[in-house]
Amino acid sequence: ASSCQTVGRAGVIFLAMAVSVGARPMANNMVRAARLASKTAARRHVVPSACVSPVLCQSRHKASGTPAALSPPPFPTVIIYNQSKHATQSVLADIRAVWGNKVRVLQTLEEGRQRLPGMDGALYVQPKTWGNLEHFKERLDWLCTQDHGLHHDRVSGKVVFMPGWSAFAESSEAARAVDALGLVWPGTEPVASQSLEKIGFKRICAEVGAPTPPFVVLSEEDAGVDLTDPVAKDKCVTGFMKACANMNTDHKGLLKSIHGGGGKGTAHLDDPSDPVQVRAAVEKVLVEMNRSDGIYFEQKVNTTGDGRFYQLELEVDGETCSQGGRFVWFNSRLQKVVEIGFADDLIPFFMPAGVYQKSREGGVGIAKKG
């Protein structure tokens, strides 16, 4: 089974954002990123980088029966930037499966935490600074004085910044910031991500007639406040509460951040008309994300089940929707549990054929608009 979210076409390069569970999709992503790096290296402002000295993994792995030695890596160094151990481990497993220890893998993690087994090094950041690339840059710049090998790779445009499974991987803001750091961004160009973040995507769905749950935007992207200021934070919270009250609904829903992922930045809101519940949900999202922009309310589609829900993932290149897709199970904490890839002849095992066909038509419509 594999996980590879398609985000669109960037010029002549078709790139995937999320890291794949399968080795081959992951390899393809990095190869595509290599092409992107070759095209952008000349225009980049390069900043030195570094990392602690590596402890190389001793084992070699194989992917689909192909030895790692037969698959030379397009980049010698990867920095994984994801606070989830599960997502980070998945990225590491993909890399080791294809290239063994030929790629140096560095884990970004908070100070005081232990890096995962098999990592070659760690880049430590302060707690609760995830998403703050200014702080990341400071740590990266300092570490460059400690590791000349990584410094050389970075100035040569050979260090990949891999966010893994997270909404951060879909952020145009993050893409621009990573590019400014002199690191390789293995995803679509920012102009495409800008219109395909969660709120923008839902707006496109509504415009082209693709089914999407009713939603209300509480704050636009990049329109946040300084949450370290108690007065500004309280004003933000009360403003969100007022916006929820103005919806005039008690329909169950979710309060979500476009910057969230893996269950983080999402709060269940069983009664949007109850100010106590709304305040608790707003504060949960703000604490988890440490930012107030890109917040929206979305009604729940099914409120009578046991908490699980499913997702169909389709790939669209230009105006052509690929055959087959991926069927995803989420648990009650809104985290992906498993993904299964399927071909067209296996559709009856997952959903009615009419639902699948309607989804494909909606996907093409979204791609044309986006």
With every protein chain in place, the accessible area of ARG113 for a 1.4 Å probe, in Å² rounded to the nearest 10, comes to 140
Using eta = 0.692 mPa s and T = 37 °C, Stokes-Einstein with Kirkwood Rh from Cα pairs puts D for the range 178-240, in µm² s⁻¹, at 224
Mind grabbing the accessible area of HIS148 for me, 1.4 Å probe, Å², rounded to tens? 130
Cα extents of the range 156-288 along the three principal axes, largest first, in whole Å? 55, 41, 22
From the protein chains alone at 1.4 Å, what is the descending order of accessible area for ARG115, ARG333, ARG203, ARG104, largest first? ARG333, ARG203, ARG115, ARG104
If each part is reduced to its alpha-carbon centroid, the range 312-370 and the range 104-164 end up apart, in Å, by 35
So how long is each side of the range 105-194 along the principal axes, counting just the alpha-carbon atoms, biggest first, in Å? 35, 29, 24
Stretched fully, the stretch from LYS369 through THR304 gains (0.36 nm per residue minus C-alpha distance, one decimal, in nm) 20.0 nm
Once ligands and nucleic acids are excluded and a 1.4 Å probe is used, how much of TYR310 is accessible, expressed in Å² to the nearest 10? 110
Cα Rg, Dmax, the range 217-370, angstrom units: 18.3, 58
With every protein chain left in place, what is the accessible area per residue of the range 242-370 in square angstrom, probe 1.4 Å? 53
Share of carbon and sulfur in the accessible heavy-atom surface of the range 172-306 [1.4 Å probe, %]: 53
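The values are calculated or read from the model by the stated rules, or taken from the named source; none is laboratory data. What you are looking at is a predicted structure, and each value in this text was computed from that prediction instead of being measured. We work out accessible area using only protein heavy atoms, side chains counted, and drop any ligands, DNA or RNA first. Shrake-Rupley method; radii C 1.70, N 1.55, O 1.52, S 1.80 Å.
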